[in-house]
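Trainee: Below is the structure I would like to discuss, written out as structure tokens.
Computed from the coordinates by the stated procedures, all read-outs in this text should not be read as laboratory data. In this text the structure is predicted, and so the values were computed from the model without any measurement. All Cβ positions, even for glycine, are placed from backbone atoms using ideal geometry, and neighbour counts span all protein chains on display.
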Amino acid sequence: MDKHYNQTLHMMQFTIGLLAAALLICAAIFFMGITHSDAAPPPSVDETVVEELRSLNDLDMKDVMAEMQSVQESRDESVRESVAASIEESRSIEESIFASSVAQESMEQSVAASLYESSVAESSSIAEQQYMDSFLAGSHLTARSVTYDCDDTDIPYLRRLFSNCIVIGNSRAKNAVDCGIMSENEVKFQSGVSVDVITPFALQVAYMYKPKTLFVMGLNDIGHYDGSNERFYQDYLSLVRQYQAINPGQVYLQEILPCPEEARPYFYRFFMIPDFNARIQQVCQETGAIYVSATPYADFKYINSEDHAHYGKEFYFLWAQTIATQMHLWEDLAGLGYEIH
């Protein structure tokens, strides 16, 4: 019974302890409730404002990040441009150095070539002068110039000059043969003819294949064509082209020599000589022929014909020399042009 009693006592003590603890917990909860009720309530928060602030904060951060990225990209681009410019500058310097080297080499080669050419030209000039001095010894002639005090002793030299070419023409070409300056070996002529009439004869002469040909035409043509320099031009152009098709050598066309007023009864259109000479120059331009002149030496005092249109021996000494110079026959003779035939 004592044992049962003790168990009951202990149970009651445990129960009382639990009740006391429960009371203490309730008292504490009540006290805290009172204390909390006395404090000020927390302020209310506007969620819209909070959301706007959060949004602004996010926006500012995006701008900052975008600006930082833009600055970085700009720096990267500057670096790339700087590197590219440096590379281009280096390439430009290398190209300049190379170009300078090539230019210097080219200049050195040019100088060497010029020195060589000058040496050759000087040697050729010396050899040419020595040959001319030898060729002209005993004559009154001077190479590439006109000497007035010529006489018959100079004729063999002049004929030798013209041995490299052929003269085709009218009576004014024939006058060189008549006065003995030239022979029919150098001059082929038909008196009183125009360019259309002489064409078949001239084309036969073309087969002699002389490397240089001089045509002396025009005075008769002024009357033959009734003053029509257009018809004269067309026929002369045709003659020269046909001649060149046979003989590929260089063709020269002499101007029409002037006439004095006294020639009017025989060549009444002589005042048209300048117009026809202009047409001869046009033929030269069209065909590659070369226009030559002897007018500076055509002094009317040298005319010795009844018709006052044909010059005498004094003129043809001068004519032969100036025509030889314009046709470069001196150079041919010295071996610098065509070979002597």
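Trainee: I'd like the Karplus ³J(HN,Hα) series for the range 251-262: coefficients 6.51, -1.76, 1.60, θ = phi - 60°, whole numbers in Hz, and an x wherever there's a Gly or Pro.
Mentor: With the stated coefficients, the range 251-262 comes to 9, 10, 10, 7, 5, 7, 5, x, 10, x, 4, 5 Hz.
Trainee: Mind listing the long-range amide H neighbours of Ala294? Cut-off is under 5 Å, sequence gap 5 or more, other chains count too, H placed in the peptide plane at 1.01 Å from N.
Mentor: Counting only residues 5 or more places away or on other chains, the set is Glu255.
Trainee: Counting DSSP beta bridges with both partners in the range 138-333, what percentage is antiparallel, nearest 5?
Mentor: Around 5 percent of the beta bridges assigned by DSSP in the range 138-333 are antiparallel ones.
Trainee: Right, next: Under a crude label model (7 Å from the Cα following the beta-carbon direction), how far is Gln204 from Ile93 in nanometres?
Mentor: Roughly 8.1 nm, to one decimal.
Trainee: Expected output is a single nm value to one decimal: the length gained when fully extending between Ser78 and Asp133, i.e. 0.36 nm times separation in residues minus the C-alpha distance. What is it?
Mentor: Between Ser78 and Asp133, full extension yields 11.9 nm more.
Trainee: Within 10 Å, count the other beta carbons around each residue, average over each peptide in 214-223, 148-157, and list them highest first.
Mentor: The peptides rank, most packed first, as 214-223, 148-157.
Trainee: To continue, here is another question. Could you give the nm distance between label points at Arg241 and Arg264, where each point is 7 Å from its Cα heading toward the beta carbon?
Mentor: Distance between label points: 3.9 nm.
Trainee: Here's something else I'd like to know. Within the range 258-341, list the GluC sites (Glu not before Pro) lying in a DSSP loop whose Cβ has at most 14 other Cβ atoms in a 10 Å radius.
Mentor: Sparse-neighbourhood loop GluC sites (Glu not before Pro): Glu306, Glu339.
Trainee: Under 1.5 on a/c is rounded, so check that first for the range 241-288, then, if it is not, pick prolate when a/b is larger than b/c and oblate when it is not; a ≥ b ≥ c are the square roots of the alpha carbon gyration tensor eigenvalues.
Mentor: Numbers: a/c = 3.52, a/b = 2.69, b/c = 1.31.
Since a/c reaches 1.5 and a/b is larger than b/c, the shape of the range 241-288 is classed as prolate.
Trainee: To continue, here is another question. Evaluate the distance, in nm, between pseudo-label points positioned 7 Å from the Cα of Gln282 and of Ile16 along their respective Cα→Cβ axes.
Mentor: Distance between label points: 15.9 nm.
Trainee: Give the shape of the range 138-333 as rounded, prolate or oblate, defined through the alpha-carbon gyration tensor: a ≥ b ≥ c are the square roots of its eigenvalues, a/c under 1.5 means rounded, and otherwise the shape is prolate if a/b is larger than b/c and oblate if not.
Mentor: oblate
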